[in-house]
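Here the structure comes first, spelled out in structure tokens, and everything after it is commentary.
A short reminder: the numbers here are calculations on the coordinates, not readings from a lab. Given the structure is predicted, the values throughout are model-derived calculations rather than measurements. For neighbour counting, all protein chains shown are included, and Cβ atoms are generated from backbone atoms with ideal geometry for every residue, glycine included.
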Amino acid sequence: MAKKTQIKNILVTGSVGQIGSELTMALRDKYGADNVVAAGNRTAPNEELKNSGPFEWVDVTQIMQIVDVVRRYDIDTIINMSALLSAVGERIPQKCWDVNINGLINCLEVARLFELYQVLCPSSIAVWGDYAPLDNTPQETVLKPTTMYGVTKVAGELLCDYYVRRFGVDARGLRYPGIISAETLPGGGTTDYAVWIYYKAIEEKKYECFVREDTRLPMMYMPDCLKGTIDLMEADFSTLKHHGDFNMGSMSFSVTELAANIKKHIPEFECTYVPDARQKIADSWPSSVDDSVAREEWGWNPAYDLDGMTKDMLDKLQKRHDEGKLYG
Ligand code: AKB
């Protein structure tokens with residue numbers, strides 16, 4: 001079997017999720033609908049995802065299910081978006097480990113055995129915890145997460161780097177901040193409040209936020225997330241000194257600032273605060289990250305700021321609300 005040398009046929013696991021669904025559509029636009037296989041496990045795909053290209057059921061913890069799709073579609077690149085996020089991971093930590101780590105090592109093993117071109121698996125700001133500087137968190141610093149999700153993301157980064165060094169597998173990853181988008185709702189994360197606030201502002205003109213008003217976390221708008229992910233996928237491997245762990249910054253704001261930004265468009269909007277268990281998770285994460293390494297090594301350069309994102313989010317959600325399909 002010859003080693004695959006380019007991106008041609010892509011498998012996106014976890015394609016039904018918030019990022020996976022939009023990433024699949026962006027990749028279908030770029031690489032051709034038939035060349036991007038969307039895979040999900042249990043949650044049904046929406047009509048657009050199902051009807052725009054191939055869809056397969058794949059449980060990433062079952063390596064033979066990955067092998068089967070890789071063989072049938074001659075896959076060269078796996079984008080592993082399957083993951084349990086921080087809040088749900090605290091409820092079922094063993095399952096979080098199973099999906100996030102056994103699922104990832106299965107993708108890496110398939111890449112090694114079938115000599116695939118590349119595996120990309122996102123990491124997260126959840127890799128940090130106690131002892132890391134919380135402002136402008138550097139690329140290289142202490143990784144001591146306090147959640148199972150964070151533990152799996154640190155282990156996942158190390159696994160990717162190990163497969164690069166030990167087996168020559170091209171494995172890449174970026175530390176996503178909270179991702180904000182208007183298409184597919186997020187599920188099970190701590191940063192989900194930054195998406196729900198927009199939906200509720202349109203629907204009810206009020207939102208009860210599950211973290212304190214002074215909570216400040218790194219965030220990013222989906223178009224930047226898609227662009228950054230595809231740019232890293234397409235970067236020349238020989239220019240990369242890092243592999244599975246690129247810091248990726250964009251914007252950073254407190255909930256008070258986010259609510260005030262929405263109020264500029266919807267003056268009657270009111271946000272109230274009832275912090276729950278997710279506050280502790282948010283408090284363990286940085287407020288901003290230093291992404292100079294990603295900028296240097298593969299040209300990372302986000303386009304959106306808070307004003308631009310808020311306008312775009314509210315325009316999109318208002319249009320859907322007016323058509324009676326805010327939630328799809
Ligand atoms: C979460 O909140 O768990 C995720 C993340 C920051 O990785 N959105």
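So for the chain, what percent of the C-alpha to C-alpha distances run longer than 38 Å? Roughly 11 percent, rounded to a whole number. Under 12 Å of direct C-alpha separation, and excluding same-chain neighbours fewer than eight residues apart, K144 reaches these aspartates and glutamates: D130. Quick one: which residues, 5 or more positions from R172 or on another chain, have an amide H under 5 Å from its amide H? H modelled 1.01 Å from N in the peptide plane, none for Pro or chain starts. When sequence neighbours closer than 5 places are left aside, the close amide H contacts are V119, L120, C121.
Each label was represented as a point 7 Å from its Cα along the Cα-to-Cβ direction; for V274 and A260 these points are 2.6 nm apart. The angle between the Cα long axis of helix 193-204 and the main principal axis of the chain comes to about 50°, on a 0 to 90 degree scale.
Taking the centroid of alpha carbons for each part, the range 91-114 and the range 174-240 are 23 Å apart. Pairs over the 22 Å Cα-Cα cut-off, from the set K153/K311; K3/K227; K153/K280; K205/K264: K153/K311; K3/K227. Across the chain, the mean sequence separation of Cα contacts (distance under 8 Å, 6 or more residues apart), normalised by length, yields a relative contact order of 18 percent.
Ordering F167, N136, L226 by Cα displacement along the dipole of the chain toward the positive end leaves F167 in first place; charges were set at the Cβ atoms of Lys, Arg (+1) and Asp, Glu (-1). Of the GluC sites (Glu not before Pro) found in the range 67-141, those that fall in a DSSP loop while having at most 13 other beta-carbon atoms within 10 Å are E140.
Across the range 46-181, Cα pairs under 8 Å and at least six residues apart give a relative contact order of 26 percent. The DSSP beta bridges internal to the chain are antiparallel in roughly 15% of cases.
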